[in-house]
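Visitor: The structure is given below, and queries will be raised subsequently.
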Amino acid sequence: MTQQLKLGRVPAGGALLRRISADRPARPVYVALALLVVLGWLVFALDGGTFLGQENIVGIQQRSAALGIVAVGQTLVILAGSLDLSVAYLISLTSLVTAEIMAGADANVPAAVAAALAVSALIGLANGLIVTRLRVHAFIATLGVALVVRGALDARYDGPAGSVPESFQHLGYDRIGPLPVSALLWAAVAACAWLLLSRTRLGYRIYAVGGDAEVARLSGVRTERVVVVAHVLCSVCAGIAGLLLASRLGAGAPTVGTDGGYDLESIAAVVLGGTALAGGRGGVAGTVGGVLLLAVLDSIFNQLEVNSFAKDVVRGVILVAALAIYARGRRTR
Amino acid sequence: MLRMTGIGKSFLGVRVLGGVDLEVSAGEVHAVVGENGAGKSTLMKILAGVHAPDEGTIEIDGRSVAFGHPVEAQRAGVAIIYQELTLLPERTVAENVFLGREPVRRGLVDRAAMETATGELLKSLGEESFGPRDLVRRLSVARQQVVEIAKALSLNARIVVMDEPTAPLADHEVELLYTLVRRLTARGIAVLYVSHRLREIFDLADRITVLKDGARVTTTEASSLDTAGLVRLMVGRELDSYYPPRAADPPGEVLLSVRGGGNARLRDIDLDLRAGEIVGVAGLQGSGRTELAKALFGAEPFTTGEMTPRRPRSVREAIAAGIGLVTEDRKAEGLLLNQRVRDNALLVARATGAPQPRTGVERLLERVRLSPPRPAQEVRLLSGGNQQKVVLAKWMTVAPRVLLFDEPTRGVDVGAKAAIHDLMRELSQDGMAILMISSELPELIGMSDRIVVLRDGRLAGELPAGSTEEAVMSLAAAS
């Protein structure tokens, strides 16, 4: 259907939405973020706090960092037309791998970091190969891998294990000036992913495969390899988040990933940022905006002392509303 | 420059091409013409490396080549521009042109080089209305074709295949395409031009190869032929006499009537369908045949004009008014392939809440001559002919007064085809009004009590029963 039916009447606001989202999938989320910051400032002002104070900003950054890193990885697989539901358990797994190998000793830090990243890469490779070679839909493939990891964790652990030396805890808690180290780590991961997507062949191919795998194939792109690499990178991002959380906790924990809800929240952040769940459209900038949006929302909720059930209701409504707005913006072009 | 010799190809035991020769020289526009099903597209796909030929050889510049993958054909200098464009709508022009071959400098994609090169290609094609950084989705179909051609040039293509390039274009855009084709040939590139539209062929082609029923009829200079001569070469065959006899009685009351029907794809449609009559619809691809059926069926409704029964705004309204549609693509639109025959047959009855047939599904399946009539079998396991019979059964449960058929026997074997034809005639004698779209002219002529011809979304004319294929073709392809 190349010749779309002309819509006789563009709904009110359609033109504005169209202008906001035209060719820049990330723009609406930043408009929303800006509005939310203004709202937050008002709420804090009325409530007697300082929204833009250092303490609150640092809080937002720290809360965002782990989710942000996972969501950057999730962006890569979703852009490639896939999906990863195994990130939450993988985070738990890598936090344990890290803390167990470190066993409180400074000397073990490099080995533990390497092992955690290697384990994540392997899980990513498994995800990618199951999706491409066995042709299992990503939803089921990564859910299956998630269950396998969960089973392995439940069999061995029923609580926190291992310990992280004090030197490694700097990653989770230190600041350089007003900037937490964890936020810098997130920024670095996001910058690498941005560079990858917008300036490398691999990035171009991720967009191509997610946009239309057949078009990519007919242009000589090895589509399966691209999907596998995207999965490996996504899992490595989850592994980095696992390192960060181990550093915060001082130990590994079998529930740290699922308690944070990193699987579904990372997907929510990605789509809030304007990346198409079907792939091929979007980018890291939107995801960063999506993560910040969720974090600012959280800090407003905290200030107002909203109970956690109401929080989830509001978050759910925002997510669905955002997607409906994107759908409309696409239709009335 | 290109020589294809003795090309043959079969799909699932059905021979679609046999012993076809084709020679193309540098800088010529070589038209490949033939009726639907003559084998044009298969031949082009073999050249482009999409299908491997069962027999025959391909030589480019005297060197024998064999393509296992479209990319190999690209490297050998063959580019194909499909009817459905193969571009990524969410990426820029430059990113599409260099897809899979992005230039790299110090490990990073060299956007500047890519955009400069694309800009130069566009300029050399005389295209200034858009640039390398524009998103493809924002371009018209005609401009997207320019992007495809730029991509072909960036691959150093020396043979460019265009498959029905003007089908999606508006009239004023066709001229633009002509200019592009001439720019290509001026560079010594050979253009293989596949089209149904005879006017374009005579406007552009230096030589014409005519295919019929998978074999080459002739290759000749375009200047040595006129329209009538070309049509005769394309269709010249005896009318098959395998069709059931026409109704003896004159048609009955008008069951469906449209005056001035129109929507985005159709204009000024006047049409009456009478009880006991089979009306054939002829037209080239893109002439609005399927759109007509979908408009009558409420799937892409008419937005203007009068209709009796009341103009349906949705499929449910059309079904309630007694209109059914046997779709062109039965696998995607007509059947739930992984469900049982029984569930498929009852699909419409259940959806509309109509009473299920008292006589039972088994009787219905016998009536449509499903063989063997096994209601518990999954539909995907049936042959094309049997699948089509299940689609028919699906409609007979609600006893529509008007049944629209879009390519009722496409991909159906000869035996099942005859059964479907018999059944159509039977339904019509029972007082149903039938509209039948077909690109197969013998079928259209053999079955129809009269034929309406569509062209560019309008009625181009009407022909009585027993008209010749030449008459239909010249009405459908005239300009």
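Visitor: Using the beta-carbon distance between residue B:366 and residue A:278 and R0 = 56 Å, what value does 1/(1 + (r/R0)^6) give for FRET efficiency, to the nearest 0.05? It would help to have the intermediate numbers written out before the result.
Guide: Details: r = 44 Å, r/R0 = 0.79.
According to the calculation, E is roughly 0.80.
Visitor: A follow-up question, please. Compare each residue of segment B:55-73 in its chain alone against the assembly with all protein chains, and report those whose accessible area goes down by 20 Å² or more; 1.4 Å probe, heavy atoms.
Guide: SASA drop of 20 Å² or more in segment B:55-73: B:69, B:70, B:71.
Visitor: Which order do the peptides A:296-307, B:318-329 come out in when sorted by mean C-beta neighbours inside 10 angstrom, highest first?
Guide: Per-residue mean Cβ counts within 10 Å order the peptides as B:318-329, A:296-307.
Visitor: On to the next question. Can you give the FRET efficiency for residue B:313 and residue B:213, using 1/(1 + (r/R0)^6), R0 = 41 Å, r = Cβ-Cβ distance, to the nearest 0.05? Don't skip to the answer; put the middle values down first.
Guide: On the way: r = 43 Å, r/R0 = 1.04.
E between residue B:313 and residue B:213, to the nearest 0.05, is 0.45.
Visitor: Can I ask one more? What does the net charge come to around residue A:220 if you take all other residues with beta carbon closer than 15 Å to its beta carbon, with K and R at +1 and D and E at -1? Please list the in-between numbers first.
Guide: Values: positive: A:201, A:205, A:217, A:222, A:225, B:75, B:101, B:151; negative: A:212, A:214, A:224, B:72, B:95, B:102.
Overall, the nearby charge balance is +2.
Visitor: Starting from the Cα of residue B:63, step 7 Å along the direction of its Cβ; do the same at residue B:25; then give the gap between the two resulting points in nm.
Guide: 2.3
Visitor: Here is a follow-up. With +1 on the Cβ of every Lys and Arg and -1 on the Cβ of every Asp and Glu, and nothing else charged, how large is the dipole of segment B:358-479 about its Cα centre, in debye rounded to the nearest 20?
Guide: Working: 15 positive and 16 negative charges, 112 e Å.
Magnitude of the dipole: close to 540 debye.
Visitor: For chain A, with a Gaussian network of springs between Cα atoms less than 10 Å apart, report the residue from A:206, A:123, A:176 with the top mean-square fluctuation.
Guide: Maximum among the listed residues: A:176.
Visitor: Quote the convex hull volume per residue of chain B, based on C-alpha atoms, as a whole number of Å³.
Guide: About 161 Å³ per residue, rounded to a whole number.
Visitor: Shielding by partners for B:96-102, please: the mean number of other protein chain Cβ atoms within 10 Å of each residue's Cβ.
Guide: Numbers: counts 4, 0, 3, 11, 12, 4, 7.
Mean inter-chain Cβ contacts per residue within 10 Å come to 6.
Visitor: Right, something else. Based on the alpha carbon coordinates of segment B:46-116, what radius of gyration and maximum Cα-Cα distance (Dmax) apply, in Å?
Guide: Considering segment B:46-116 through its Cα atoms, Rg and Dmax are 15.6, 46 Å.
Visitor: Separate question: With label points built 7 Å along Cα→Cβ from the Cα atoms of residue A:200 and residue A:173, find their separation and express it in nm.
Guide: 3.5
Visitor: Same structure again: Which whole-number percentage describes the relative contact order of segment A:41-157, with Cα contacts under 8 Å and a sequence gap of 6 or more?
Guide: 25
Visitor: Summarise the partner chain shielding of A:237-247 as one whole number: the mean count of Cβ atoms from other chains within 10 Å of each residue's Cβ.
Guide: Mean inter-chain Cβ contacts per residue within 10 Å come to 0.
Visitor: Additional query: Pick from A:308, A:64, A:86 the residue whose mean-square fluctuation is largest in a GNM of chain A, springs joining Cα atoms under 10 Å.
Guide: Taking springs between Cα atoms under 10 Å, the residue moving most is A:308.
Visitor: Something else about it: List the relative contact order of chain B as a percent without decimals, with contacts defined as Cα pairs under 8 Å and 6+ residues apart.
Guide: 15
Visitor: Additional query: Taking the Cβ of residue A:254 as the center, what net charge do the other residues with Cβ under 13 Å away carry, scoring Lys and Arg +1 and Asp and Glu -1?
Guide: -2
Visitor: Using Cα pairs under 8 angstrom and six or more residues apart, how large is the relative contact order of chain A, in percent?
Guide: Relative contact order of chain A: 35 percent.
Visitor: Summing Lys, Arg as +1 and Asp, Glu as -1, what charge do residues with Cβ under 15 Å from the Cβ of residue A:153 carry, residue A:153 excluded? Provide the component values of the computation, followed by the final result.
Guide: Numbers: positive: A:150, A:156; negative: A:100, A:154, A:158, A:259, A:263.
Summing Lys/Arg as +1 and Asp/Glu as -1 gives -3.
Visitor: Taking 7 Å along the Cα-to-C-beta vector as the label spot, tell me the residue B:167-residue B:268 distance in nanometres, rounded to one decimal.
Guide: 2.6
Visitor: So if we plug the beta-carbon distance of residue A:222 and residue B:378 into 1/(1 + (r/R0)^6) with R0 = 30 Å, what FRET efficiency do we get, rounded to 0.05?
Guide: For R0 = 30 Å, the calculated efficiency reads 0.30.
Visitor: D for segment A:22-332, whole µm²/s, Stokes-Einstein with Kirkwood Rh over alpha-carbon pairs at 10 °C and 1.306 mPa s: what number?
Guide: After rounding, the answer is 80 µm²/s.
Visitor: Report the charge-dipole magnitude of chain A in Debye, nearest 20, computed about the Cα centre from +1 at each Lys and Arg Cβ and -1 at each Asp and Glu Cβ.
Guide: Dipole size: approximately 1900 debye.
Visitor: Under the definition of partner shielding as Cβ atoms of other protein chains within 10 Å of a residue Cβ, what is the mean value for peptide A:216-227?
Guide: Shielding by partners across A:216-227 averages 4.
Visitor: What list of ³J(HN,Hα) couplings, whole Hz, do you get for segment B:328-343 from phi and the Karplus terms 6.51, -1.76, 1.60, once you set θ to phi - 60° and write x for glycine and proline?
Guide: Once θ is set to phi - 60°, the couplings for segment B:328-343 become 4, 10, 5, 5, 8, 10, x, 9, 9, 4, 9, 10, 6, 3, 4, 5 Hz.
Visitor: Stretched out fully, how many nm does the piece from residue A:214 to residue A:152 gain, at 0.36 nm a residue minus the Cα gap?
Guide: Details: separation 62, 0.36 × 62 = 22.32 nm, distance 3.75 nm.
Between residue A:214 and residue A:152, full extension yields 18.6 nm more.
Visitor: Could you work out the percent of alpha carbon pairs in the protein assembly as shown separated by over 40 Å, rounded to a whole number?
Guide: Here the tail beyond 40 Å accounts for 50 percent of pairs.
Visitor: Accessible area, 1.4 Å probe, largest first: how do B:50, A:77 sort? Display every interim value, and only then the final one.
Guide: Values: B:50 60, A:77 0 Å².
Per-residue accessible area, sorted high to low, gives B:50, A:77.
Visitor: Return one whole number: the accessible area per residue of segment A:22-332 in Å², for a 1.4 Å probe.
Guide: Heavy-atom accessible area per residue stands at 42 Å².
The values are calculated or read from the model by the stated rules, or taken from the named source; none is laboratory data. Predicted model only: the values in this text are computed from it and were never measured. As a convention, Cβ positions derive from the backbone with ideal geometry for all residues, glycine included, and neighbour counts pool all protein chains shown. These accessible areas exclude ligands, DNA and RNA; they are computed on the full protein's heavy atoms, side chains included. Shrake-Rupley method; radii C 1.70, N 1.55, O 1.52, S 1.80 Å.
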